[in-house]
1. Which of the listed residues, LEU348, PHE307, GLY293, is farthest toward the dipole's positive end in segment 293-441, when Lys, Arg count +1 and Asp, Glu count -1 at the beta-carbon?
2. At 1.4 Å probe size, with no ligands or nucleic acids counted, give the accessible surface of GLU428 in Å², nearest ten.
3. Too long at a 32 Å Cα-Cα cut-off: which of LYS360/LYS422; LYS298/LYS422; LYS33/LYS360; LYS97/LYS360; LYS6/LYS429?
4. Roughly what would the spin-label model give for VAL186 and ALA299, points 7 Å off Cα along C-beta, in nm?
5. Would you work out the relative contact order for segment 46-182, in percent, from Cα pairs under 8 angstrom that are 6 or more residues apart?
6. If the only charges are +1 at each Lys and Arg Cβ and -1 at each Asp and Glu Cβ, what is the size of the charge dipole of segment 88-221 around the Cα centre, to the nearest 20 debye?
7. Nearest 0.05, what FRET efficiency do LEU211 and LEU311 give at R0 = 35 Å with Cβ-Cβ as r?
8. Got the relative contact order for segment 1-103 handy, in percent, Cα pairs under 8 Å and 6 or more residues apart?
Amino acid sequence: RRVLRKLDLRLLPIATVLYLLAYLDRTNVGNAKIAGMTTDLGLTGVQFNLISASFYIPYCSLEVPANVGLKYFRPSRWIPFIMTCWGIVVVCTAFVKNFAGLLVIRLLLGACESGLWPGLSFWLALWYPREAQAQRFAIYVAATNLSGAFGGLLAYAIEKMNGIGGLAGWSWIFLLEGLVTVIIAVSSALVMQDFPDTATFLSSEERTWLLDTLKKDTVSSSKELKHKFLVQALRDPHAYLFAIVNFFIVIPLASFAVFLPTIIVGLGYSSVHAQLLSVPPNIIGSIFTVIVGVASDKAGARGPFIFGSALLSLTGYVILFATEIPIVGYVGTLIASCGLTPASLCTLAWTAGNAGGDVKRGVMIAVMGTIGNSGAIVSSFIYQSQDSPRYHPGHATNIACTCITATLSIVGMLEYARLSRKKSQQCEKEGIGLDRADEFSELGDGSPLYRYGPWIHVASTTLTAEIPADILSERHTQRSASSRRSSRYHLEC
């Protein structure tokens, strides 16, 4: 607990702030839209939808090479670099004059941001044991919702700067938020840690414990940067199962992030009030994300939480689709927000925990992002101006997506239950034990000792280990010293 607490204090604040700024810079175009950007730039028809979708074309295409780049160039250099680049691009957005200029800017922004989400996910997965990952992912992924909350508040305040320096209010949104991103990017390079074996904030004893724990957690899977591990990931059908699940999660999630102010205006509220009313759904979504992350680790479950979150979002969108009463529709947005990000979080944790070896894990996360985040291209077109104010096609699309997500989560649970039974039978038949883990290190999760499981993704082999007295949990400290030294604690995964 002492080591994990140190990791939390040194890693999670950085990941949360960086992802918050990334999502803020990605979705502030939605706030700028209702602040007058579409009028000033003369956007008509589906041009705004094209602007929203264009971001995800390079964003999805570059995620796999970006994650390989993180392993090669080191996180403390790679992530601040790409962040500085996209901060500069956001600043430039303040000075665009037409649709063509804004389209080019959004393409550049997508290219620069492509390495952050898979990079941060991969980075955290390298530091934490799998059974402790979901709640950590939850804290930084909750920044998705927090960015919507902050974005609404900031847009409401910054919009009042309209006319200062000859710039429109929406231009100031991009200018100020981009400058903040550049400043934080440069600062983060000074405080980011790279990998557990080079952690300077851990004592030698703590570092040894962490490395041993991570080695046991992955059944000694290789950490080397080899081409064959990349091929293993790209050939693994389960990577694409997670990617498809993520695809149908991202469609409602991305549309919610960009079009929430538009949906609220469609309910009958003014554009100024819509900026403020977009805050509560995002705050509630953040809270539920953290709650689900903690509960997921406590319960040792991923699939059931994806299923439950999908049903929660489904309820919210059914309300939005069916009602004509503004306050009831607004309650629908609150309910929908409670399931969107938690489902995404658990899918990420399930993916990261079902890949053996650093390279395969990083590539599988990137594959999930590449295919999954392409759903955001679809989401850019499901809410169109001609469907105002009820937006039935958009809500219906999200209803379908949440139903598919729930169904696929069941498929995933059944598939991993089958695979774990098969591996257990192989180990029993051939007499394979943990003493032979090093023989299968380059097989990653293909090792017969590696277990998936329908609920959580950790090795189900019984591990027996002597736990030093100084790191026993508090509930064991009341045991006598002699009893504590002789006790053997079986870690059942």
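The values are calculated or read from the model by the stated rules, or taken from the named source; none is laboratory data. Note that the coordinates shown come from a computational prediction; the quantities given were computed from them, not determined experimentally. Heads up, the Cβs are rebuilt from the backbone with ideal geometry, glycines too, and the neighbour counts pull from every protein chain shown. For accessibility, only protein heavy atoms count, side chains too; no ligands or nucleic acids. Shrake-Rupley method; radii C 1.70, N 1.55, O 1.52, S 1.80 Å.
1. PHE307
2. Probe radius 1.4 Å; accessible area of GLU428 about 150 Å².
3. Beyond 32 Å: LYS33/LYS360; LYS97/LYS360; LYS6/LYS429.
4. That separation, rounded to one decimal, is 4.6 nm.
5. 35
6. Using only the charged Cβ atoms, the result is roughly 400 debye.
7. The pair LEU211/LEU311 has a calculated efficiency of 0.30.
8. 38 percent.
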